[in-house]
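Report on the following structure.
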Amino acid sequence: MAQEKDGSLSEVRARVGASHGITDLAHKLHFYDRWARDYDQDVATLQYRAPRFAVDCLTQALPGPPHATLILDVACGTGLVAAELQARGFLQLHGVDGSPGMLERARARGLYQHLSLCTLGQEPLPSPEGTFDAVLMVGALSDGQVPCSAIPELLRVTKPGGLVCLTTRTNPSNLRYKEELEATLDRLEQAREWERLVAWPVDRWELATSKLEVVPGTSDSDGFISGIVYLYRKQEVAKVEGVRPSAQPPAGL
């Protein structure tokens with residue numbers, strides 16, 4: 001039994017590692033279409049925790065009651081973020097993704113009020129300006145997925161005063177993208193488009209797919225890669241220069 005489990009983990013690591021290595025968007029979307037059937041099982045095998053981390057971070061900062069909060073899940077995949085949101089009482093959920101295969105799986109969950117096919121970075125989000133109380137994008141900020149240049153589009157569809165929650169991996173192969181992402185996030189803050197509420201580094205993000213990606217101090221056999229959760233609030237009006245909030249993880253996490 002242990003050998004079967006190890007073999008399965010090896011196969012999953014190879015599959016997910018291959019997905020991380022695809023930097024061409026068209027090839028990446030095709031990969032996700034084929035992967036959709038096994039996606040949930042594979043990321044569970046890798047103990048992928050980003051959806052829970054992101055939803056915990058976001059929901060602690062949302063001011064209104066869950067049933068009245070309209071949320072957009074960008075690059076929603078099979079709906080793992082929606083499952084976390086529903087468990088916390090958030091039911092007004094819209095989702096978009098560039099993979100028809102992933103959207104088919106998300107639709108089967110029955111958690112979204114509306115789902116749309118949209119390849120962010122190549123086309124705008126299918127929503128008017130200022131529609132959503134909160135926007136999340138979990139697991140799609142890396143090479144070959146959503147380009148950093150698409151981040152302002154998330155802000156466009158967020159209501160003034162609304163929240164935007166983002167995640168990215170901080171393992172070695174994604175550090176160049178993370179650096180570019182943070183430069184984009186900082187430019188938007190300097191332009192007073194939004195303000196950072198949280199930057200939460202997480203060591204145990206998911207199991208590493210190779211020895212080169214393991215977090216220092218953990219073993220090769222069960223080592224994790226690291227990641228980070230960002231939370232921003234869209235500005236309501238232009239603000240005078242003030243003190244930037246400290247980047248602290250959510251309370252109790």
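Scoring Asp56 on the criteria (1) open to solvent by 20 Å² or more (accessible area, probe 1.4 Å); (2) at pLDDT 95 or above; (3) more than 25 Å from Thr170 (Cβ to Cβ) leaves a single failure, condition (3).
The condition of being open to solvent by 30 Å² or more (accessible area, probe 1.4 Å), under 21 Å from Asp42 (Cα atoms) and either at pLDDT 95 or above or over 14 Å from the mean Cα position of the chain (by Cα) (or both) holds for only one of Ala191, Ala87, Ala108, Ala183, that being Ala108. Just one of the numbered conditions (1) modelled with pLDDT of 95 or more; (2) open to solvent by 30 Å² or more (accessible area, probe 1.4 Å); (3) in a helix (DSSP H, G or I) is not true of His94: (3). Within the range 165-177, identify whether any single residue is more than 19 Å from Leu58 (Cα to Cα) and surrounded by 22 or more Cβ atoms within 10 Å (Cβ to Cβ), and answer yes or no. Within the range 165-177, one or more residues are more than 19 Å from Leu58 (Cα to Cα) and surrounded by 22 or more Cβ atoms within 10 Å (Cβ to Cβ). Whether a residue is within 17 Å of Phe224 (Cα to Cα) and touching a residue at least 24 places away in the same chain (Cβ under 8 Å) was assessed, and Gln47 passes this test. Criterion applied to Leu136, Leu103 was being touching a strand residue (DSSP E or B) at 6+ places or on another chain (Cβ under 7 Å) and either assigned to a strand (DSSP E or B) or open to solvent by 30 Å² or more (accessible area, probe 1.4 Å) (or both), and the one residue passing it is Leu136. Of all residues in the range 22-50, those that are over 13 Å from Thr78 (Cα atoms) and surrounded by fewer than 13 Cβ atoms within 10 Å (Cβ to Cβ) total 5. The set of residues in the range 145-161 being open to solvent by less than 30 Å² (accessible area, probe 1.4 Å), over 18 Å from Cys76 (Cβ atoms) and either in contact (Cβ under 8 Å) with a residue 60 or more places away in the chain or touching a Phe, Trp or Tyr at 6+ places or on another chain (Cβ under 7 Å) (or both) consists of Leu155, Gly161.
Does the range 116-131 include one or more residues that are more than 24 Å from His27 (Cα to Cα), crowded, with 16+ Cβ neighbours inside 10 Å, modelled with pLDDT of 95 or more and of a type in the set (Asp, Glu)? No, the range 116-131 has no match at all.
The values are calculated or read from the model by the stated rules, or taken from the named source; none is laboratory data. As the structure is a prediction and not an experimental result, all values here were calculated from the model. Neighbour counts run over all protein chains shown; Cβ positions are idealised from the backbone, glycine included. Areas reflect the complete protein model, heavy atoms only, side chains present, ligands, DNA and RNA absent. Shrake-Rupley method; radii C 1.70, N 1.55, O 1.52, S 1.80 Å.
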